[in-house]
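The structure is given below, and queries will be raised subsequently.
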Amino acid sequence: MSLARVLVPVKRTVDYAVKIRVKPDNTGVETKNVKMSTNPFDEIAVEEAVKLKEKGLVKEVVAVTIGPKDAAEILRKLMAVGVDRSIHIETDEDLQPLAVAKVLKKVVEKENSDLVLLGKQAIDDDSCQTGQLLGGLLNWPQASFASEVNVEGGKAIVKREIDGGLETVSVQLPAVISADLRLNTPRYAKLKDIMAARKMTIDTSSLADWGVDTTPRFDVVSVQDPPTRAGGVKVESVQELVQKLKNDGVL
Amino acid sequence: MLCSTVRQATKRSLVPNVQVRKHTGLSFELTSEQKQFQELARSFAREKIMPVAAQLDRDGQWPQELINEAHSLGLMNLHVPEDCGGIGLGVLENCVIAEELAYGCSGVMTAMLANDLAQAPVFLAGTPEQKKKYLGRCAEEPISVSYAVTEPGAGSDVSGLKTKAEKQGDKWILNGQKMWISNAGYANWFFVLARTGDANTPTGKAFTGFIVEREWAGVQVGRKEWNMGQRCADTRGVVFDNVVIPDENRLGPVGAGFKIAMGAFDHTRPPVASGAIGVAQRAHDEALAYAMQRKTMGKAIIEHQQVAALIAEMAVGIEASRLLTYKAAVTVDNGGKNTHMASMAKYMASEVAMKSTVDAVQVFGGNGFNTEYPVEKLMRDAKIFQIYEGTTQIQKLIIARDAVTQKMSKNE
């Protein structure tokens, strides 16, 4: 059985190399004039989807992003590494994982996707919820934290990274798979593909067109820097160590 | 270039009651496509070239694997036109990529970009057949090619070239010796400038260009020369001993060679300048990082004014030479004459690279002199930028000569 379409949801996040700063009013992280890129785990998901296409297991790789106008840039870059078609759902709203999952469900239904491959989490909020919520909403099986994916006979055999090591699961397709760091190493785009991608069309629509209730389910009360580390203290003996621990109320 | 400005009531600037003006003429921004090329070259340079640069320098090893990979990504042979199987990009794109590659290692950059110098005369004066054959070959495979003009007795003094090509029937017989030819050990073909006039022919009519295949009898490539820097690049002497060249490999009209050979530089000097800037930028970044963590006399050395001054001078030189180089590149891409600008860019960037790398070694102090730290290699690599592609002294002659020409063309 040949897969028809894989859908890869991707998110535009602050570039991983940027040192983030909290906004002075503690409402969030500063993103103005900050370098933005594709969420690294989503790049890994795209690479895996393209590899599946190259193995002849998938006919078409479709990427989708929900974000502001500038988010189209990441779609252009991904089309240069093998994404065949992309969908841009424009909004300036900051959507929470459940809202994203609800919109993605509609995209999956419209696209008639057989497989959703996405990054395990976004490096800005580290929620690690969207893939799992989407699986639940679609009532599809899911395999998260994938470090190896094989597709055969209508199933995906996925090696998952878990605390105890590696777990291999088999999921019936259609399914949702979320990519972990060691799944693959994304390829470089070739110059001529970068040029070709500029001419490809992106299917753009506004968030309102999808008719999804995206009201936030939780409020972000405040965003703060982690407390600065206090310096350590050297102790001369085990007795002194025990005394200190007792004094600090640890023991 | 357009010089109109459009006043738009857009956003407020930081100073109240001052409206921001959006200029639609001069722009200092690359297009988003050019930025993607830059990102590609940067990732490739930082992830693939930088980790092996020191070893390549120690061994003087030709970086064929890196060349193969760069070729497959489309980072080489940028000027080869689309109808020859290439990508047909401009000098500006080449500059952007050259700077990034050189940041990783200028030896590797030279190994990759020396192709452009050989291709430029073919690009400028080749017949459609010659272009398809010789430029097409470069686009298809990760081969290297060489520009063979310099001789042991004639570098700056191109008019002193002795290599001769004599017409015999419908063939030319080539005899002579070239020296310091980049890529020679691996070249698939050579652009060769040879004397076809006699002792009385003026320089502008005395030379003819030829495309010579490596495999032809009589082409003898010498041994690898061991140089101060850019040691993984390949430079050699080449002897042409009664090499038989079919007339179809003559490039351009008889006697037009000098102009063709020199015309190449309008396209190649800006990317060479960018290479120098890449080295300077690397020197700056290494020196800055070191100065921010090395502590002496109770503080990070960047807080000592004399160290800060060195970093500042590097930054200014880099910024200024980059803008000058971009202008030289954009001018020729837009169809303008850029010879003096290309010379200015190459002269300035190479001086900046030399000064910045020397100063970077200074910032590192004793460590800078040591091979475990990256800056001594940068200083050794920088020197050649003041010599190849026209020495600093030649660039100054070109610039002064152009000033005279400009003045004499006016009625003031």
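Any chance you could count how many residues in the range B:65-74 are touching a Pro at 6+ places or on another chain (Cβ under 8 Å) and away from chain A (no Cβ under 14 Å)?
1
Any residue in the range B:177-198 that is among the charged types (D, E, K, R), open to solvent by less than 30 Å² (accessible area, probe 1.4 Å), in a strand (DSSP E or B) and over 15 Å from B:A261 (Cβ atoms)?
Among the residues of the range B:177-198, not one is among the charged types (D, E, K, R), open to solvent by less than 30 Å² (accessible area, probe 1.4 Å), in a strand (DSSP E or B) and over 15 Å from B:A261 (Cβ atoms), which makes the answer no.
With respect to A:E43, is the statement that it is open to solvent by 30 Å² or more (accessible area, probe 1.4 Å) and either of a type in the set (K, R) or outside any helix (DSSP H, G or I) (or both) true?
No.
Kindly indicate which of B:A360, B:A308 is out of contact with any Asp or Glu (no Cβ under 9 Å at 6 or more places or on another chain) and farther than 16 Å from B:V272 by Cα.
B:A308
Of the residues in the range A:211-251, how many are modelled with pLDDT of 85 or more, open to solvent by less than 90 Å² (accessible area, probe 1.4 Å) and either assigned to a loop (DSSP other than H, G, I, E, B) or in contact with a Cys (Cβ under 9 Å, 6 or more places away or on another chain) (or both)?
Number satisfying all stated conditions: 10.
Out of B:V307, B:V316, B:V254, B:V244, report the one residue that is out of contact with any Ser or Thr (no Cβ under 9 Å at 6 or more places or on another chain), open to solvent by 10 Å² or more (accessible area, probe 1.4 Å), within 30 Å of B:A165 (Cα to Cα) and β-branched (V, I, T).
Only one candidate qualifies: B:V244.
Report whether or not B:N334 is under 29 Å from B:N77 (Cβ atoms) and either in contact with a strand residue (DSSP E or B) (Cβ under 6 Å, 6 or more places away or on another chain) or of a type in the set (S, T, N, Q) (or both).
yes
Please work out if A:K59 is assigned to a helix (DSSP H, G or I), more than 25 Å from B:K35 (Cα to Cα) and open to solvent by 30 Å² or more (accessible area, probe 1.4 Å).
Considered against the rule, which asks whether it is assigned to a helix (DSSP H, G or I), more than 25 Å from B:K35 (Cα to Cα) and open to solvent by 30 Å² or more (accessible area, probe 1.4 Å), A:K59 comes out as no.
For the range B:131-164, name all the residues that are touching a helix residue (DSSP H, G or I) at 6+ places or on another chain (Cβ under 9 Å), more than 22 Å from B:A233 (Cβ to Cβ), open to solvent by less than 10 Å² (accessible area, probe 1.4 Å) and outside any helix (DSSP H, G or I).
The one that is touching a helix residue (DSSP H, G or I) at 6+ places or on another chain (Cβ under 9 Å), more than 22 Å from B:A233 (Cβ to Cβ), open to solvent by less than 10 Å² (accessible area, probe 1.4 Å) and outside any helix (DSSP H, G or I): B:L161.
Could you pull out the residue among B:E93, B:E47 that is modelled with pLDDT of 95 or more, within 14 Å of chain A (Cβ to nearest Cβ) and open to solvent by less than 50 Å² (accessible area, probe 1.4 Å)?
Step by step, each of B:E93, B:E47 is checked, and only B:E93 is modelled with pLDDT of 95 or more, within 14 Å of chain A (Cβ to nearest Cβ) and open to solvent by less than 50 Å² (accessible area, probe 1.4 Å).
All but one of (1) under 24 Å from A:R182 (Cα atoms); (2) hydrophobic (A, V, I, L, M, F, W, C); (3) over 18 Å from the mean Cα position of the chain (by Cα) hold for A:V34; state the number of the condition that does not hold.
It is condition (1) that A:V34 fails.
Follow-up question, since we're still on this one. Considering only the range B:263-307, state which residues are free of Cβ contacts under 8 Å to residues at least 12 places away in the same chain and among the small types (G, A, S).
B:A289, B:G298, B:A300 - these are the residues of the range B:263-307 that are free of Cβ contacts under 8 Å to residues at least 12 places away in the same chain and among the small types (G, A, S).
Residues to consider are A:L7, A:L78; find the one that is out of contact with any Gly (no Cβ under 8 Å at 6 or more places or on another chain), modelled with pLDDT of 95 or more and outside any strand (DSSP E or B).
Matching residue, one of A:L7, A:L78: A:L78.
Considering the range B:23-40 alone, what residues qualify as being more than 9 Å from chain A (Cβ to nearest Cβ) and open to solvent by less than 60 Å² (accessible area, probe 1.4 Å)?
B:G25, B:L30, B:Q34, B:Q38
Of all residues being among the acidic types (D, E) and over 26 Å from B:A345 (Cβ atoms) in the range B:361-404, which is most open to solvent (accessible area, probe 1.4 Å)? Just the residue, please.
Among those residues, the one meeting the criterion is B:E372.
Further question: Those residues that are surrounded by fewer than 22 Cβ atoms within 10 Å (Cβ to Cβ) and assigned to a strand (DSSP E or B), I need them from the range B:165-176; list them, please.
Selection gives B:E166, B:K167, B:Q168, B:K171, B:I173, B:N175, B:G176.
Identify, please: which residue in the range A:197-210 is at pLDDT 95 or above and assigned to a helix (DSSP H, G or I) and is, among those, nearest to the other protein chains (Cβ to nearest Cβ)?
Looking at the filtered set, the residue picked out is A:A197.
Continuing with the same structure: Tally up the residues in the range A:175-186 that are crowded, with 18+ Cβ neighbours inside 10 Å and either among the small types (G, A, S) or not in a strand (DSSP E or B) (or both), please.
Residues that pass the stated criteria total 7.
Go through the residues of the range A:137-155 one by one and say whether even a single one is outside any loop (DSSP other than H, G, I, E, B), farther than 18 Å from A:F41 by Cα and open to solvent by less than 50 Å² (accessible area, probe 1.4 Å).
Yes, the conditions are met somewhere in the range A:137-155.
crowded, with 21+ Cβ neighbours inside 10 Å and touching a residue at least 24 places away in the same chain (Cβ under 8 Å): is that true of A:I66 in this structure?
Answer is yes for this residue.
Among the candidates B:A329, B:A353, B:A342, B:A289, single out the residue that is open to solvent by 20 Å² or more (accessible area, probe 1.4 Å) and small (G, A, S).
After ruling out the rest, the residue left standing is B:A289.
Conditions (1) polar (S, T, N, Q); (2) outside any loop (DSSP other than H, G, I, E, B); (3) at pLDDT 95 or above; (4) touching a Pro at 6+ places or on another chain (Cβ under 8 Å), marked per residue:
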residue: B:E225; (1), (2), (3), (4): no, no, yes, no
residue: B:Q230; (1), (2), (3), (4): yes, no, yes, no
residue: B:A233; (1), (2), (3), (4): no, no, yes, no
residue: B:V239; (1), (2), (3), (4): no, yes, yes, no
residue: B:N242; (1), (2), (3), (4): yes, yes, yes, no
residue: B:I245; (1), (2), (3), (4): no, yes, yes, no
residue: B:P253; (1), (2), (3), (4): no, no, yes, no
residue: B:M262; (1), (2), (3), (4): no, yes, no, no
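Any chance you could count how many residues in the range A:187-209 are surrounded by 17 or more Cβ atoms within 10 Å (Cβ to Cβ) and either in contact with a Phe, Trp or Tyr (Cβ under 8 Å, 6 or more places away or on another chain) or hydrophobic (A, V, I, L, M, F, W, C) (or both)?
So the count comes out to 7.
Pairs, please: C-beta under 8 Å, at least 6 apart or cross-chain, first residue more than 13 Å from B:T268 (Cα to Cα) and in the range B:314-336, second of a type in the set (S, T, Y) and in a helix (DSSP H, G or I)?
B:M314/B:S356; B:G317/B:S356; B:I318/B:S356; B:R322/B:S274
The values are calculated or read from the model by the stated rules, or taken from the named source; none is laboratory data. For clarity, every value in this text was computed on a predicted model and none was experimentally measured. Because the Cβ atoms are built from the backbone with ideal geometry, glycine has one as well, and the counts that use them run over all protein chains shown. Just so you know, the surface numbers come from the protein's heavy atoms only, side chains and all, with ligands and any DNA or RNA stripped out. Shrake-Rupley method; radii C 1.70, N 1.55, O 1.52, S 1.80 Å.
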